[in-house]
Amino acid sequence: MSEEKTIAATEKEIVEEFSLFDSWDDKYEYIIDLGKKLPPLEDRFKINENKVKGCQSTVWLASDFREGKVFFKADSDAMIVKGLISMLIRVLSGHTPDEILSDKLDFIREIGMTTHLAQTRSNGLLSMVKQMKHFALAYKIKNGSITEYEHGRTENKSN
Amino acid sequence: MMPSSTIQKAQTLDVIAIRKQFPVLNREVKGRPLVYLDNAATSQKPQAVIDALLDYYTNYNANIHRGIHTLAEEATAAFEETRDAVQRFIHAPAREEIIFTRGTTESINLVAYTWGRKNIKSGDEIIISTLEHHSNIVPWQILCEEKNAILKIIPINDNGELMMDEYKQLLGPKTKLVSIAHASNALGSINPVKQIIEWAHAAGSLVLVDGAQSTVHLDIDVQDMDCDFFAFSAHKLYGPTGTGILYGKKHILEDMPVFLGGGEMIKEVTFAKTTYNDLPYKFEAGTPNIADVIAFKTALQFIEDVGKEKIRKHEQDLLVYATAQLEQIPGLRIIGRAKEKVSLISFVIDKAHPQDIGILLDNRGIAVRTGHHCAEPLMKCYHIPGTIRASFAVYNTREEVDELTGGLRKAIKMLS
């Protein structure tokens, strides 16, 4: 899906989807629905190392790097955060580190969800975006020598 | 005999008239009238308090205690009047026992850094409880670590009440301080501080009472309570932020080393030696928070004008009503069922994260607090990541409680 589209195109798509909603209730219902549909992260990824810091709710984020592209998977115990995560994954996953690093995620503002990026929300969306960009940066640096790398340790590997 | 409705009217407060005094209650959030139920975090401010701040900056802004000009005299007089008002409000024996700080947190830290560093030795014991706010945990942890002293914790029962028998067992010859919340910010439990203090004193220990959550709700008489220290914040009593109080018994305060060094707290300074000012100025280094302290007097006046008894009745009515209404919501579990509670309710909802509930309530203009309420050890004790907390003040109404329960039902439906 997102692998064929540019980040900007996916963002535009999301903005268009949200423009159909009249009320905030509808927007939240949609986000909650996205949260419910996001496949749960396998338990082996739900470890401390993959926790995103600074969240009132818990967010786990794992990524891997294949053929020059970063792929994210994530989960949360809170449904709205999970819905927001689902959108971030849809936008950023499957793109190159450079594409991810240069994106400003303007769609969040355009769909009226800026408050979720505010410090006060402490829902970890901001930390989540930062962490996604950190992964991208790390892969970019490593990309000089390797093209296959998996980040987000699993229980097996950490044992 | 008076008809009961007349009695009722005489004893209840005019909430509509009170609401008119709080301008923020007129605003809308997300297109709906604000329902502010986060009063345990901070209360809203009446117009009179806002006016007092404006009046100070508009008409007599000056630094206090040192200037000889008219503005300085007026500002000093107004500032010191608040000290007198606080003294009366908590029934302290002397005005110099009232020290202005930035808030409860600084008040507790002041004691930890001055009294604590002088009096706590290796092997000494400090007792707190499971119910404490981080502000009444961390300063003692820092002190205990530094002094190799021991922090002991009074456990709670399932209702969120202190286990007094266990407390008695914890007291001993090594106990130097018991530092305890008067009321829990996370559960609302009112602790039996008089009993706690009596037993602590019998064991030779001092007692600090954290009054952050109690002072706005309960009658505070530090002499009757016989606490050695009492700490609270102005902003939870309809006053400005950034101002707090530390009350301490005079002979203890006099014996304490100074906290921060600088202007105001000195008597004489030479490069060889500095002698310190008398109480309370000894602990008030630098230019204080003049405007907010002055406006705090107006906040106390507001409470006294309405009447603490009336406020308590009103808030307790909301607590009882809200408890009954919330209990009817399937899957909702109230955390903290102490017999004596201040007007706040913590709860969790099956299969719904507190944060989701908080966001969806905010979407309907309802402000509650979600999370661990700066009481992580307490949340761990209940094996929950956090709660949703609704806390009521003088201006809240039963209709607002209905808005809350309606909002909760809608949020639960959206999330299920």
Subtract the Cα-Cα distance of B:His201 and B:Ala94 from 0.36 nm times their separation in residues, and report this length gain in nm to one decimal. 36.4 nm
Cross-link candidates for A:Lys46: which aspartates and glutamates have Cα within less than 17 Å, leaving aside residues fewer than 8 places away along the same chain? A:Asp64, A:Asp75, A:Asp77, A:Glu150, A:Glu155
Show which lysines lie in cross-link reach of B:Lys267 when reach means a straight Cα distance below 20 angstrom and same-chain residues fewer than eight apart are skipped. B:Lys250, B:Lys282
Which residue, B:Leu326, B:Leu206, B:Leu260, has the most motion in a Gaussian network model of chain B that connects Cα atoms within less than 10 Å? B:Leu260
So what's the back-of-envelope 222 nm ellipticity for chain B, counting only DSSP H runs of four-plus at -39500 (n - 2.57) apiece and dividing by all residues, rounded to 500? -11500 deg cm²/dmol
For peptide B:357-363, what's the mean number of Cβ atoms from other chains within 10 Å of each residue's Cβ? 5
Report the longest stretch of chain B that contains none of the trypsin sites (Lys or Arg not before Pro) sitting in a DSSP loop with at most 12 other Cβ atoms within 10 Å. B:122-272
Cα-derived Rg to Rh of the protein assembly as shown, Kirkwood definition: 1.02
Set of lysines with alpha-carbon distance to B:Lys313 below 21 Å, sequence-local pairs under 8 removed: B:Lys9, B:Lys20, B:Lys45, B:Lys236, B:Lys339, B:Lys341
Between B:Ile50 and B:Lys267, what FRET efficiency follows from the Cβ-Cβ distance if R0 is 35 Å, with the result rounded to 0.05? 0.40
Find how many whole Å separate the alpha carbon centroid of the range B:31-46 from the alpha carbon centroid of the range B:343-382. 16
Top of B:Ile18, B:Ile196, B:Ile303 by mean-square fluctuation, Gaussian network on chain B, Cα under 10 Å: B:Ile18
Cut-off is 10 Å between beta-carbons; in what order do A:Met87, B:Met225 appear when sorted fewest neighbours first? B:Met225, A:Met87
Tell me, what is the percent relative contact order of chain B, built from C-alpha pairs under 8 Å that lie six or more residues apart? 23
Only helices at least 24 Å long along their axis, Cα-based, and averaging 0.0 or more on Kyte-Doolittle count here, so list those DSSP H runs from chain B. B:290-306
Quick one: compute the contact order of the range B:227-337, relative version, from alpha carbon pairs under 8 angstrom and 6+ residues apart, as a percent. 21
In the structure displayed, which of A:Lys82/B:Lys30; A:Lys12/B:Lys351; B:Lys121/B:Lys297; B:Lys168/B:Lys310 lie more than 29 Å apart, Cα to Cα? A:Lys12/B:Lys351; B:Lys121/B:Lys297; B:Lys168/B:Lys310
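Quick note: the coordinates plus some simple rules give every number you see, no bench work behind them. Quantities reported herein were computed from a predicted structural model and do not represent experimental measurements. No Cβ is skipped: glycine too gets one built from the backbone with ideal geometry, and neighbour counts run over all protein chains shown.
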